[in-house]
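Novice: The structure's right below; bear with me while I get my questions together.
Any read-out appearing in this document is the output of simple, stated calculations on the displayed coordinates, not a laboratory observation. Bear in mind that the values here come from a model prediction, so they are computed numbers and not experimental data. No Cβ is skipped: glycine too gets one built from the backbone with ideal geometry, and neighbour counts run over all protein chains shown.
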Amino acid sequence: MSKPLPFIDLERQRQRLSDRIDRAIQRVLAHGHYIMGPEIGELEQSLSAFCGAKHALTCSNGTDALGLILMALGIRPGDAVFCPSFTFAATAEVVVWFGAIPIFVDVLEDSFNLDPASLEAAIRTAKARHLEPVGVVSVDLFGQPADYDRIEAVCAAHRLWLVTDACQSFGASYKGRNVGTIGVATATSFYPAKPLGCYGDGGAIFTDDDKLAAVIKSLRIHGQGTDKYDNVRVGINGRMDTLQAAILIEKLNIFRDEIACRNRIASRYNAELANVARVPALIERTTSVWAQYTIGVSAARRNGLAAGLKTRGIPTAIHYPLPLHRQAAYRGYPVAGNGLPVSERLVDEVISLPMHPYLEESDQDRIIEAVKAELC
């Protein structure tokens, strides 16, 4: 068997940045400000400049980023918040933290993102149950922004706020708007496997709303006021540590180049695999950072494909094997009135292939040839 390939090759990136990251870490060790050191402010300014958001606030992880936004928006027990079922648990988890009610919405088959028609059905479901709809948490799954023209129109018609879960899509754009500038606020994650990842947990929040940013800034440090012993609201310990910020500064410097590499790799995958699998499609004038490269095959062939690729030293992953509304923690919450047929089907059909900026053409050829051999 050929040498196994990594699913995500963080080692290649580490080799590229080794000297710069070592120097960045040494600078933090030298000044000793491990919490809220100067690199925090530097990173926040760089993130803001990168995407064009007025405010960028770092935090402990992507889940806390979502939670801090909902706290700042004043979410209350019993509020209805709409989110897709075909996503990672954190999206709905933060809604439940505050006693609010997640209502699960279906997704579109071609983009894997929230279906605006299903959102309308979910709003009707909420009203039929005498719940108070307050907002939408839309997920940019696998790196591509959702169809925000249509989603924003629904939100405006029903007076709902829109929060963007961009934990997989920071660095992408939607019809001339950068991720981080869509909705009342955006959350992202810097988990190591993300397109822009640190060496531990980390996250960030983006917003153009001055008042919302001020509240979030307080909430992430225990609700502090003028200083850390003057608490004006109940908050959390949601700070990013300085070492992670120093690492991210260096990674952000090469991020645009890495995004270009990801797009080149995704284009080759699409061109070569379109005849044997359902390949991901981009919305017109929309870019992706390809956090995952996920294809669709028939449910009858998915497990066989994964097993066959494994024997050839090619790892795969299933994102996601079970929709949220079928998981034990979330089975009791409502779903859009017409059901979630696409989410129900996708969990049996999707399979993700290796994707990272350092995937050599020869390795990609090996993956492509293996997928064709297994499916043809």
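Novice: On a full-extension model of 0.36 nm per residue, what is the gain between A193 and V96, subtracting their alpha-carbon distance, rounded to one decimal in nm?
Specialist: Numbers: separation 97, 0.36 × 97 = 34.92 nm, distance 2.57 nm.
Working it through step by step, the gained length comes to 32.3 nm.
Novice: Let me ask something else. Convert 10 °C to kelvin, take the viscosity as 1.306 mPa s, use the Kirkwood radius over C-alpha pairs of segment 298-348 as Rh, and evaluate the Stokes-Einstein diffusion coefficient in µm²/s, rounded to a whole number. Present the calculation step by step, with values, prior to reporting the outcome.
Specialist: Working: Rh = 12.8 Å.
In µm²/s, the coefficient rounds to 124.
Novice: Hey, another quick one. Could you list K372, K217 in order of exposure, starting from the residue whose Cβ has the fewest other Cβ atoms within 10 Å? Don't skip to the end; give the middle numbers.
Specialist: Values: K372 14, K217 17.
With the fewest neighbours first, K372, K217 line up as K372, K217.
Novice: Loop only by DSSP, 11 or fewer other Cβ within 10 Å of the Cβ. Give me the trypsin sites (Lys or Arg not before Pro) in segment 254-317 that pass, ordered by residue number. Show your work: numbers first, answer last.
Specialist: Numbers: sites: R256, R262, R264, R268, R278, R285, R301, R302, K310, R312; in loops: R285, R312.
Answer by residue number: R285.
Novice: Which of K54/K211; K194/K310; K3/K372 have a Cα-Cα distance over 21 Å?
Specialist: Working: K54/K211 12 Å; K194/K310 23 Å; K3/K372 19 Å.
Among K54/K211; K194/K310; K3/K372, the Cα-Cα distance tops 21 Å for K194/K310.
Novice: Given the rule -39500 (n - 2.57) for each run of at least 4 DSSP H residues, summed and divided by the residues of the chain, what is its mean residue ellipticity at 222 nm, to the nearest 500 deg cm²/dmol? Don't skip to the end; give the middle numbers.
Specialist: Details: 12 runs with 155 residues, N = 376.
Counting only the DSSP helices, I get -13000 deg cm²/dmol.
Novice: What nm value, rounded to one decimal, do you get for the distance between A307 and D110 when each label is placed 7 Å out toward the C-beta?
Specialist: Going by the 7 Å Cα→Cβ label model, 3.4 nm.
Novice: So how far apart, in nm, are the two label points at S46 and K175 if each is 7 Å from Cα heading toward Cβ?
Specialist: So the two model labels end up 3.3 nm from each other.
Novice: I've got another one for you. Two decimals is fine: what's Rg over Rh for segment 255-375, C-alpha atoms, Kirkwood radius as Rh? Before the final figure, lay out the partial values.
Specialist: Details: Rg = 15.9 Å, Rh = 15.7 Å.
Rg/Rh: 1.01.
Novice: Equivalent ellipsoid semi-axes for the chain, as square roots of 5 times the alpha carbon gyration tensor eigenvalues: give them largest first, rounded to whole Å.
Specialist: Here the semi-axes work out to 32, 29, 16 Å.
Novice: Could you line up M36, M71, M240 from fewest to most neighbouring Cβ atoms inside 10 Å? Write out the running numbers ahead of the final one.
Specialist: Values: M36 16, M71 23, M240 28.
Lowest count first: M36, M71, M240.
Novice: Can you put L73, L66 in order, fewest other beta carbons within 10 Å first?
Specialist: Numbers: L73 20, L66 31.
Going from least to most buried by this count: L73, L66.
Novice: Starting from the Cα of T226, move 7 Å in the Cα-to-Cβ direction to define the label point; list residues of segment 28-43 whose amide nitrogen is under 15 Å from there.
Specialist: The answer is none.
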